[in-house]
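The block underneath contains the structure these notes are about, expressed in structure tokens.
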Amino acid sequence: MQHNRVEFLKTVKPFDLLPEDVLVGVADLLQEVTHNKESVLYLQDVSKLRGLEIIVEGEYEAFFYDSDQNKRLIKHYQPGSCYGGISILLNKRRSIRSVIAKKGTVVYFLHRNDFKALCQGFDNFFHYFTAQYGQRMLDDEYAHFVKPSHASEGNYITSDLLYSRKIETVELREIVASPHQTPIHAVARRMAEARNSCSFVTNDEGHIIGYVTDITLRDNVVARQVDVTRPIGEVLDNPIVSISTDAYVYEAILLMFQTKTRYLLIKRNDEYVGMISRTQLLSDQAHSPFMFIQSVRLAQSVRELKSRWEKVPEMVYQLLSRGVKSEIVNQVITTVADTIAQKVIEGVIAELGAPPAKFVFMVLGSEGRKEQTLLTDQDNAIIYEDKANEQRELVRDYFLRFAESVSDRLNSIGFSFCEGGFMAKNTKWTHSLSHWKRNYVSWMHESTPETAQTFSAFFDCRYLYGEQAIMDELKEFLNEESQKPLERFFYHMANNALQYEPPLTFFNNIRTFAKGNQQVFNLKKAMTPIVDLVRVYALKYQVFATNTGERLAALREQDVFTDKEYQELLQSYYYLMGMRLKKQAIQIIDDKSEPDNYIDPKKLTKVERVTIKEIFKVIADFQLRIKVSFTKTL
């Protein structure tokens, strides 16, 4: 009987890693249990396990119950597999999933104390379970169900549906439109009769070219004393902003704030099927982050803007504690920061007077990627249109004074000056469009490690305020330049992506350094390789989205990454981002201290440590790939 058990254990992972003399001892410890009828053995995160169970005959069905008691992520444990190891080691003995034993199932039971003794005595046996768990935690749905649900609801969370509800579930309003030759007074009368605050305007082919609102009529007609018999096409507002029915409600609200529009056209299969208003979407969100963003828009002074920014850490903590994805939280932070910067810019222009040239105020780095955290500094620059020689000094003088004032006010609000000097107030980063084009050409064609690093910051540039067409022209120019032979440039870009190695030792421990009384690692630097390597591939394949997640999605569409690789990188990046944001929020809220990016592994749970180690392995694998692809060396 014992011989049969030993031979059986040799076929079971990870018992096949143990010496035979140890297996003989284990075989003596096993208790045989038979389930004569189908029964529920364990409930997820409730039932405690007495030990490890090895299926000999029959089957265990393991799964998560969702809030509607639907089975999710079903896994079948067949003969030769074991259940309970991860739960005992990493979940305080509580069963991670609910488990049903099928009728006639036979298992070998190993008491938890004996199981733990094996883990302590044989590292490879122990690491089998921890590595398996780390891999599972990279699955977004698995991590969602495993995450503790004890977080209290915060004032900034009104409903989980906000983050899972799609536009197609919202009741759309009918599109009211008038031809562009219709007199202004006729359109206004129709709006009044229909009690409609927005009317779209069409061209001769019936295509929508703009819109008018109550505010349009006030600002573009009444304030300017325009003859109301003139065509509505002369006073309309644009551009048109639209979103797909497949988008989420939160995406629609963020888009409205980012584009400063109060109305969105809704598309299904490239056809407009209706419209929604910002008021309509916000009416159910009395305490949501989006009403908070609205309060930022209504702030009237730098002091008020500073007060709003100081409330952001609490909002971030509540969102993360509720389980809102870190990529969504990033977008909320970015939208608040963008709104504050736009308000500051508008205030400075009101004081200095209208700019003497068209311009773009662009943001760079993490702000440009829409990946801001609570430890954020200023990264920005200004591009203005080329002017005749006699106007150049006047234009440049205005924008340098403008940049100085904007930067000083942002610093007083809480967006500190950039230590590296990547700010518009630095004379190096406020220039004409032609000068900026020469900058990019120089960085790309006369490449060194330093210029490649500078290019990286400016490749992550995003329009914030001003003339969008200037930004579009720069991006088009960059697209053309990136298609030229640039082997040396890509070599330096790739090498920069290899500078930060994941802090993992040969023995799969997290490498730390001393900071005060703690041994820590830098979470920001641990994430940097993902940002860097995705940027290199984005440039190589002409992907001009700035956000790391959006770049990854575009690269997957081009089959640069497989779906598995895409999921690994995306989930790894945003797992680390969520940890980083929560750490910073706690420092600000609980410790009343300046946030940083340092993590002490001892303060992490076993679950978090195991997951991070698996993430570091993912990053290392991709660094090897980029090394082969771009530097031609191993």
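Compute the Rg to Rh ratio over the chain from the alpha carbon atoms, using the Kirkwood formula for Rh, and round to two decimal places.
Values: Rg = 29.2 Å, Rh = 28.2 Å.
Taking Rg over the Kirkwood Rh, I get 1.04.
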Exercise. Calculate the length of the line joining the C-alpha centroid of the stretch 461-539 to that of the stretch 70-85, in whole Å.
Key: 39
Quiz prompt | Between the stretch 606-628 and the stretch 324-374, the alpha-carbon center distance in angstrom | solution = 32
Practice problem: Rank-order 199-211, 80-92 by packing density, defined as the average count of other C-beta atoms within 10 Å over each peptide's residues, highest first. | Solution: 80-92, 199-211
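For the stretch 2-146, calculate the relative contact order in percent as a whole number, restricting contacts to Cα pairs under 8 Å that are 6 or more residues apart.
It rounds to 30 percent for the stretch 2-146.
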Practice problem: Calculate the translational D of the stretch 500-634 in whole µm² s⁻¹ from Stokes-Einstein, where the hydrodynamic radius comes from the Kirkwood formula applied to all Cα pairs, the temperature is 20 °C and the viscosity 1.002 mPa s. | Solution: 134
Quiz item: When DSSP beta bridges are limited to those with both residues in the stretch 161-282, what percentage is antiparallel, rounded to the nearest 5?
Solution: 70
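If contacts are Cα pairs under 8 angstrom and at least 6 residues apart, what is the relative contact order of the chain in percent?
Working: 967 pairs, mean separation 67.6, N = 634.
Relative contact order for the chain comes out at 11 percent.
Of Lys387/Lys437; Lys92/Lys603; Lys92/Lys583; Lys306/Lys343, which sit over 18 Å apart, Cα to Cα? Write out the running numbers ahead of the final one.
Details: Lys387/Lys437 15 Å; Lys92/Lys603 16 Å; Lys92/Lys583 23 Å; Lys306/Lys343 12 Å.
From the list (Lys387/Lys437; Lys92/Lys603; Lys92/Lys583; Lys306/Lys343), the Cα-Cα distance tops 18 Å for Lys92/Lys583.
Between Leu43 and Asn196, what length comes free when the chain is fully extended (0.36 nm per residue of separation minus the Cα-Cα distance, one decimal in nm)?
Numbers: separation 153, 0.36 × 153 = 55.08 nm, distance 5.36 nm.
Difference between extended and current length: 49.7 nm.
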Practice problem: Express in whole angstrom the spacing between the alpha-carbon centres of the stretch 228-303 and the stretch 555-586. | Solution: 28
Quiz item: Can you tell me the Rg and Dmax of the stretch 268-417, counting just the alpha carbons, in angstroms?
Solution: 18.0, 58
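Given the Cα atoms of the stretch 1-151, and with Rh set as the inverse mean 1/r over their pairs in the Kirkwood sense, what is Rg to Rh to two decimals? Could you put the intermediate results ahead of the total?
Numbers: Rg = 15.4 Å, Rh = 16.0 Å.
Rg/Rh for the stretch 1-151 comes to 0.97.
Using the 10 angstrom Cβ neighbour count as an exposure proxy, how do Lys602, Lys306 rank, fewest first? Before the final figure, lay out each step's value.
Numbers: Lys602 11, Lys306 15.
With the sparsest Cβ surroundings first, the list reads Lys602, Lys306.
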Quiz item: To the nearest 10 degrees, how steep is helix 326-352 against the longest Cα principal axis of the chain, on a 0 to 90 scale?
Solution: 20
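A short reminder: the numbers here are calculations on the coordinates, not readings from a lab. The model shown is predicted, which means the values in this text are computed figures rather than measured ones. Glycine gets a Cβ as well: all are built from the backbone with ideal geometry, and neighbour counts include every protein chain shown.
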